[in-house]
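Participant: Just dropping this structure here.
The values are calculated or read from the model by the stated rules, or taken from the named source; none is laboratory data. This one's a predicted model, so the numbers in the text were calculated from it and none came from an experiment. Note: accessible area is taken over every heavy atom of the protein model, side chains too, but ligands, DNA and RNA are not part of it. Shrake-Rupley method; radii C 1.70, N 1.55, O 1.52, S 1.80 Å.
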Amino acid sequence: QVRLVESGGGSVQAGESLSLACVVSGDIDANNRVGWYRQAPGKQREWVAIDTTGGNTHYVDVVKGRFIISRDSTRTTVYLQMNSLRPEDTGVYYCSYRVRYGSVEVGNDYWGQGTQVTVSS
């Protein structure tokens, strides 16, 4: 089992910054992918940013240049630095973990409980 706990959400004004953190614990495979996803009210959950064990990062186009995903030296805490926030970034942000070998993901997809981010105009 893998457990993920997010923190760092809150309410900010447009243009401000927030940093989210996700602590990953349990039966962690050294080869993995962690990611941040978000779900706005009335919309489907969408991916925002992912980081693979090899150090590759990917971002959805709407956050490129504004958000940065990173991990600490133990690779058990995942961060999402969000800059120049916009009202459309509002939503519940979830952290996700899955085992990944190269480009192939296997096994269960684990999720945290989510943290609310609200951006006012």
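Participant: Enumerate the calculated ³J(HN,Hα) couplings along the stretch 50-57 in order (Karplus 6.51 cos²θ - 1.76 cosθ + 1.60, θ = phi - 60°), each rounded to whole Hz, writing x wherever the residue is Gly or Pro.
Facilitator: Karplus-based 3J(HN,Hα) across the stretch 50-57 equals 10, 9, 9, 4, x, x, 7, 10 Hz.
Participant: Using a 1.4 Å probe, what is the accessible area per residue for the chain, in Å²?
Facilitator: Ligands and nucleic acids excluded, the result is 51 Å² per residue.
Participant: Just need log10 I(q)/I(0) for the stretch 37-121 at q = 0.13, 0.22, 0.26 Å⁻¹, Debye formula, equal scatterers on the alpha-carbon atoms, no solvent, rounded to two decimals.
Facilitator: -0.44, -1.22, -1.55
Participant: Which one, V63, V23, V104, has the greatest fluctuation when you compute a Gaussian network model over the chain with C-alpha springs under 10 angstrom?
Facilitator: Top of the fluctuation ranking is V104.
Participant: Of the residues G65, G42, G54, which exhibits the maximal mean-square fluctuation in a Gaussian network model of the chain defined by a 10 Å Cα contact cut-off?
Facilitator: Looking only at G65, G42, G54, the biggest GNM fluctuation is shown by G42.
Participant: Something else now. Post the alpha-carbon centroid distance, the stretch 8-41 to the stretch 54-121, in whole angstrom.
Facilitator: If you average the Cα positions of each part, the centres end up 5 Å apart.
Participant: Determine the share of the stretch 33-100's accessible area contributed by carbon and sulfur atoms, expressed in whole percent, with a 1.4 angstrom probe.
Facilitator: 48 percent
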